Amino acid sequence: MGRLLWREPLVWAWADHTGVELPDPLPLAVLPEPCPYREVALERLAKAGISQRTVMICASNASLRAAAISGFAVAPMTVSQLRNGLVTVPESYGLPELPEAQFRLFAASKGDTPVLEELAEVIMNAVPRRHAGEE
């Protein structure tokens, strides 16, 4: 499963200048498959009975942010990406809650490659403890 680096909430991001109502069907911007954010967003919307229309499949996080900042679409993204014109869609809008995202480090097995193991340790030590989870 890899080593847990940090966790943070996954949220519905939208432009801070958009209207007071979400469009129906919900315009959605997502990353291409396979993407766990995409999968969980589509699954949660379907379970909640909220119709959506995938209006943009983005090639990068930058294009995902651009789609949301412009007001063109709502996008599932981590809370740390909410800056410069992006906000979380308020709970009152009725979108389903999204789970926490986990960021993990995968490296070679201990003893296989000492240099890679040392690099993994440096990365683990560089992650602020306030974000790292206990496992």
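The values are calculated or read from the model by the stated rules, or taken from the named source; none is laboratory data. Please read these numbers as outputs of a predicted model, since none were measured by experiment. Neighbour counts run over all protein chains shown; Cβ positions are idealised from the backbone, glycine included.
In table form, for the structure just shown:
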{"read-out": "Residue among LEU105, LEU95 that is of a type outside the set (Val, Ile, Thr) and closer than 21 Å to PRO27 by Cβ", "value": "LEU95"}
{"read-out": "Region 31-78: number of residues that are aliphatic (A, V, I, L, M), loosely packed, with under 14 Cβ neighbours inside 10 Å and at pLDDT below 95", "value": "2"}
{"read-out": "Within region 100-125, considering residues that are assigned to a loop (DSSP other than H, G, I, E, B) and surrounded by fewer than 13 Cβ atoms within 10 Å (Cβ to Cβ), the one modelled with the highest pLDDT", "value": "PHE106"}
{"read-out": "Out of PRO99, PRO9, PRO32, sole residue that is farther than 26 Å from MET124 by Cα, in contact (Cβ under 8 Å) with a residue 12 or more places away in the chain and not hydrophobic (A, V, I, L, M, F, W, C)", "value": "PRO32"}
{"read-out": "Filter result (of a type outside the set (Gly, Ala, Ser) and in a strand (DSSP E or B)) within region 49-80", "value": "GLN52, ARG53, THR54, VAL55, MET56, ILE57, VAL74, PRO76, MET77, THR78"}
{"read-out": "Output for region 81-93, where each listed residue is part of a strand (DSSP E or B) and either without any contact (Cβ under 8 Å) to a residue 40 or more places away in the chain or among the hydrophobic types (A, V, I, L, M, F, W, C) (or both)", "value": "LEU86, VAL87"}
